[in-house]
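Heads up, the thing below is written out as structure tokens.
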Amino acid sequence: MIGASAAFALLWTALSSVSSEPVPYNVAVAADAARVETPADDIGSPDLEAAALTEEQAELMAGDPDWRASARLYHAGGGGATGNDSLGCRPIAMRTVAVDPRVIPRRTKLFIRETVGMRLADGSIHDGYWYASDTGGAIKGQKIDLYTGSGRGSMAQARRLNMRTLTIADAGRFDGCPPAWESAGR
């Protein structure tokens with residue numbers, strides 16, 4: 001199999017040399033088949049085997065959801081999150097959730113099934129726990145905003161969740177600010 005750059009070059013040569021002719025099938029297929037999988041392609045993909053569910057997580061996965069909400073992604077910079085969340089805390093990437101507090105109370109520890117096993121940019125695996133610590137003017141009813149981090153690139157890891165209806169379980173309450181990543185799921 002040829003590399004992705006070689007396939008692109010072959011396709012480009014075929015396209016530029018016969019601009020009015022269709023691209024031969026074997027050239028198009030070779031270019032598509034030569035797509036090289038990179039670690040970035042795995043970001044956001046669920047890896048349930050690596051997640052190694054705890055008993056609590058297994059119960060939350062199996063039980064009836066408390067909410068179903070349409071997800072949007074937001075990030076710091078470029079008109080996204082600025083400063084602190086509505087509790088006065090610093091948002092935590094891939095942990096902070098903005099909610100409509102009339103639907104999902106602030107300070108609720110959430111378990112979002114679709115995020116369990118999600119591979120993050122640093123190679124770690126998401127455990128499914130998020131924290132309702134933010135609100136927003138555009139978040140009305142059954143909608144949530146997932147904070148992905150700083151910059152537009154931080155959204156890549158969760159892009160598959162954008163505009164999807166997610167299954168959410170109430171995993172308890174938290175005091176103060178959402179915990180840092182190392183202790184967030186505990």
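For region 48-183, what D do you get in µm² per second when you plug the Kirkwood radius from alpha-carbon pairs into Stokes-Einstein at 37 °C and 0.692 mPa s?
Details: Rh = 14.8 Å.
Result for D is 222 µm²/s.
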Q.
Please rank S86, S124, S133, fewest neighbouring Cβ atoms within 10 Å first, as an exposure proxy.
A. S124, S86, S133
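Just want the ordering: V103, V116, V97, from fewest to most Cβ atoms lying within 10 Å of their own Cβ.
Details: V103 15, V116 20, V97 28.
Least crowded to most crowded, the residues run V103, V116, V97.
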Q: Please figure out what share of the DSSP beta bridges in region 76-186 is antiparallel and state it in percent, rounded to the nearest 5.
A: 70
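Give me the dipole magnitude in Debye, nearest 20, for region 53-174 about the Cα centre, with unit charges on the beta carbon: positive for Lys and Arg, negative for Asp and Glu.
Details: 17 positive and 13 negative charges, 103 e Å.
So the magnitude is around 500 debye.
Laboratory data are not the source of any read-out in this text; all were calculated from the coordinates shown. Computed from a predicted structure; not experimentally measured. Every residue, glycine among them, receives a Cβ derived from its backbone with ideal geometry; neighbour counts consider all protein chains shown.
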